[in-house]
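Following: one structure in structure tokens, then a few remarks.
The values are calculated or read from the model by the stated rules, or taken from the named source; none is laboratory data. Here the structure is a predicted model, which means the values were calculated and not measured. Here the Cβ is made from the backbone with ideal geometry for all residues, glycine too, and neighbour counts use every protein chain on show. The accessibility values were calculated without ligands, DNA or RNA, using every heavy atom of the protein model including side chains. Shrake-Rupley method; radii C 1.70, N 1.55, O 1.52, S 1.80 Å.
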Amino acid sequence: MVAVLKQGVSKQQVENLCVWFRGQGLDVHISEGQFHTVLGLIGDTSKIDIDLLESLNIIESVKTISEPFKNANRKFHHDDAVIDIGNTKIGGGYFRLIAGPCSVESYDQMLDIARKVKTSGASVLRGGAFKPRTSPYDFQGLHAEGIEILSRVKAITGMPIVTEIMNANHLPLFEDVDLIQVGARNMQNFELLKELGKTNKPILLKRGLSNTLKELLMSAEYIMAGGNEQVILCERGIRTFETYTRNTLDLSAIPMLRELTHLPIIVDPSHATGVARLVKSMAMAAAAAGADGIMIEVHNNPPGALCDGAQSLTPEQFNNVAEKVIRIREVIEQ
Ligand code: PEP
Ligand code: MN
């Protein structure tokens with residue numbers, strides 16, 4: 001249930017109302033917008049008398065919410081969330097490009113790519129240190145050494161870093177990581193999500209291979225219910241009957257999620273298509289559809305990449321895509 005308060009309600013009045021709601025056994029989530037304070041009531045609201053609430057002179061309206069996600073629900077938060085990723089921001093009008101290789105392979109590789117993608121306009125550097133691979137015999141990432149390399153490159157370039165976590169026990173290694181990624185395969189690893197809910201780091205939550213938007217939002221809810229409200233959602237393609245592309249990019253996820261949630265939404269056209277030559281069109285389409293950011297895999301030598309070379313752009317190709325995407329953003333902002 002959501003209670004929208006009238007304009008000009010005092011802090012004391014809000015506090016008194018919250019005390020009363022808590023007395024009814026409810027958790028209260030307070031969201032202060034520019035004009036209205038909105039109280040999200042979490043718990044069993046069945047005994048609350050809506051008519052009584054609406055008759056109070058400080059309440060503008062009361063809405064019941066049927067969706068099971070509350071913290072991630074736009075109805076609780078009218079304003080878009082703006083999330084800090086190190087020295088940069090995403091969401092609420094801040095559009096960001098995230099770029100880098102699928103996996104961290106060496107210091108020289110990371111530094112070379114980071115410098116180039118930064119020049120092209122990327123503001124966050126990606127690189128997997130723990131890689132979820134279909135085959136246990138494939139390259140699994142450099143693990144702690146990979147994160148250390150990202151850290152060193154961050155110190156030189158000033159770029160915030162994003163890398164994937166697969167096991168909550170590894171959290172101490174993520175101290176210097178600015179944005180922690182939960183990969184598609186772990187979107188419903190609820191124990192991992194709960195642990196991330198206790199951290200104060202922003203989380204990049206990727207949509208699972210066969211998950212609905214509601215399930216994606218419920219996974220965001222797991223993180224947020226633990227107290228960490230900094231969640232960025234990522235559409236990265238879903239599994240369909242199509243085989244020419246690695247996945248099928250669900251572009252309609254962007255406007256749909258925009259209605260349902262206030263959280264930033266980014267798109268990963270690299271994993272969505274699995275084909276480097278398709279990345280540009282899908283990145284442009286995602287920008288046109290209103291994404292808050294695009295994450296693209298870039299490698300200095302795609303044929304020699306230890307992971308996902310076929311979908312990786314060269315830095316030069318990324319430069320061209322970035323230019324186009326930035327121009328599209330400028331057009332839709334007008
Ligand atoms: C990745 O971004 O490195 C990755 C493994 O992506 P996904 O989890 O979407 O497959
Ligand atoms: Mn990859």
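Where the second residue is aromatic (F, W, Y) and surrounded by fewer than 16 Cβ atoms within 10 Å (Cβ to Cβ) and the first is within 15 Å of N189 (Cβ to Cβ) and assigned by TED's automatic domain parsing to the domain that holds D268 and lies in segment 219-243, which pairs have Cβ atoms under 9 Å and are six or more apart or on separate chains?
Going by the 9 Å Cβ cut-off, the qualifying pairs are S219/F190; Y222/F190.
Suppose we filter segment 305-334 for residues that are over 15 Å from A99 (Cβ atoms), open to solvent by less than 40 Å² (accessible area, probe 1.4 Å) and within 16 Å of ligand 2 (Cβ to nearest atom); how many remain?
Total satisfying the criteria: 2.
Across segment 255-277, which residue is surrounded by the fewest Cβ atoms within 10 Å (Cβ to Cβ) among those that are without any contact (Cβ under 8 Å) to a residue 40 or more places away in the chain and within 16 Å of ligand 1 (Cβ to nearest atom)?
Applying the filter and picking the extreme gives V275.
If I ask for residues that are in a helix (DSSP H, G or I) and among the β-branched types (V, I, T), which ones from segment 309-334 would you list?
Just the residues of segment 309-334 that are in a helix (DSSP H, G or I), to begin with: 309-311, 315-333.
V321, V325, I326, I328, V331, I332, listed by residue number.
For residues that are open to solvent by 20 Å² or more (accessible area, probe 1.4 Å) and on the phi > 0 side of the Ramachandran plot, scanning just segment 124-163, find the one that is nearest to ligand 2 (Cβ to nearest atom).
Just the residues of segment 124-163 that are open to solvent by 20 Å² or more (accessible area, probe 1.4 Å), to begin with: 132-140, 142-145, 148, 151-152, 154-156, 158.
Those left that are additionally on the phi > 0 side of the Ramachandran plot: 143, 158.
Details: H143: 16, G158: 24 Å.
Here the answer is H143.
Condition test on V321, is it among the β-branched types (V, I, T), more than 15 Å from ligand 1 (Cβ to nearest atom) and assigned by TED's automatic domain parsing to the domain that holds S135?
Values: among the β-branched types (V, I, T): yes; more than 15 Å from ligand 1 (Cβ to nearest atom): yes; assigned by TED's automatic domain parsing to the domain that holds S135: yes.
Judged against the criteria, V321 is a match.
Determine which single condition A72 fails, assuming it passes every other condition in (1) touching a helix residue (DSSP H, G or I) at 6+ places or on another chain (Cβ under 7 Å); (2) within 30 Å of V177 (Cα to Cα); (3) not in a loop (DSSP other than H, G, I, E, B).
Only one criterion in (1) touching a helix residue (DSSP H, G or I) at 6+ places or on another chain (Cβ under 7 Å); (2) within 30 Å of V177 (Cα to Cα); (3) not in a loop (DSSP other than H, G, I, E, B) is unmet by A72, namely (3).
Identify the single condition in (1) away from ligand 1 (no atom under 16 Å from the Cβ); (2) more than 19 Å from the chain's Cα centre (by Cα) that V298 does not satisfy, given that it satisfies every other one.
Here V298 clears every test but (1).
Restricting attention to segment 141-176, which residues are in a loop (DSSP other than H, G, I, E, B), aliphatic (A, V, I, L, M) and touching a Lys or Arg at 6+ places or on another chain (Cβ under 7 Å)?
Step one: list which residues in segment 141-176 are in a loop (DSSP other than H, G, I, E, B), which gives 141-143, 158-160, 165-167, 175-176.
The next check asks that each one be aliphatic (A, V, I, L, M); those that pass are 142, 159, 165-166.
Once the filter is applied, which keeps residues that are in a loop (DSSP other than H, G, I, E, B), aliphatic (A, V, I, L, M) and touching a Lys or Arg at 6+ places or on another chain (Cβ under 7 Å), segment 141-176 yields only M159.
Do any strands (runs of 3 or more DSSP E) lying entirely in segment 77-117 carry at least 1 residues that are within 16 Å of ligand 2 (Cβ to nearest atom) and under 19 Å from H143 (Cβ atoms), and which ones are they?
96-100
Quick one: in segment 287-308, of everything that is assigned to a helix (DSSP H, G or I) and in contact (Cβ under 8 Å) with a residue 12 or more places away in the chain, which residue is farthest from Y107 (Cα to Cα)? Please lay out each step first, then the result.
Residues of segment 287-308 assigned to a helix (DSSP H, G or I): 287-288, 302-304.
Those still in the list that are in contact (Cβ under 8 Å) with a residue 12 or more places away in the chain too: 287-288, 302.
Values: A287: 31, A288: 35, P302: 17 Å.
Only one residue fits best here, namely A288.
Of G91, G43, G86, which residue is modelled with pLDDT under 90, at positive phi and surrounded by 14 or more Cβ atoms within 10 Å (Cβ to Cβ)?
On the way: G91 fails: modelled with pLDDT under 90; G86 fails: modelled with pLDDT under 90.
Residue meeting the stated conditions: G43.
Could you list all residues from segment 1-24 that are open to solvent by less than 60 Å² (accessible area, probe 1.4 Å) and within 26 Å of A72 (Cβ to Cβ)?
M1, V2, A3, V4, L5, V9, V14, L17, C18, F21
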